Amino acid sequence: MVIVKYFISLGSFFVSKVVLSGILISILFGSVKADANVGISAPLFGCRFTEGAKYQVDCPTPPAGTISRSKLHKHIFAVVTILGSEPALTYLEKNGNLPLRVTFIHDGVRQDTVDYGINPKDWFKNREALRFEFERDGYFAWRTSIISQKIWGGKLELIFEDYRGGRVAPVGDPESYSATIHFSD
């Protein structure tokens, strides 16, 4: 079973990393293909995720890391932030959603593909905040957590895709990007 949960991040995640938004925008979108609508942050894997004004990931593990199966409480979280450019906001305005998919591959075998994008209900509820964030910063950030109970085997790989089937990657990473986490007993 895979669950995807959404909530909005009003930029604090990124502003804390780089103080000047002008510099941040060039970092986030400067090396993205001209036709790209979205980028993502590198996912952070963990055993538990607490949301709210400040979010917390327990047992934080970056991609390519190893996490103990005994800490996972029968599931693993991956927290990722969607970074939306002007074409992404235009797409949201026109279509009322931003469909993005993540495919789960366990030990080389494809298991699931689920949506992790911005659904119509969340767009309707948060559209003014996303518009405001885009006007203020030149981009918007939407944090989402992906939860999977499939923690058997030695490796879980996540492949992120946009609504056109193209790969979505953190800025600066190759288009063939995937995030992998290894399990230990």
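Side notes on the structure shown:
- Residue list for region 67-98, given a label point 7 angstrom along the Cα-to-Cβ vector of R48 and an amide N cut-off under 15 Å: 70-77
- In region 31-185, lysine pairs closer than 26 Å at Cα, eight or more apart or cross-chain: 11
- Inter-site label distance for S176 and R69 at 7 Å from Cα along Cβ, in nm: 2.9 nm
- Shape of region 60-170, Cα gyration tensor, a/c cut at 1.5: prolate
- Separation in nanometres of the label points that stand 7 Å from Cα toward Cβ, at I147 and R164: 3.4 nm
- Of the trypsin sites (Lys or Arg not before Pro) in region 42-109, those whose Cβ has at most 13 other Cβ within 10 Å and which sit in DSSP loop: K54, K74
Bear in mind that the values in this text are calculations on the coordinates, not laboratory data. Computed from a predicted structure; not experimentally measured. In this analysis, Cβ positions are derived from the backbone assuming ideal geometry, glycine residues included, and neighbour counts consider all displayed protein chains.
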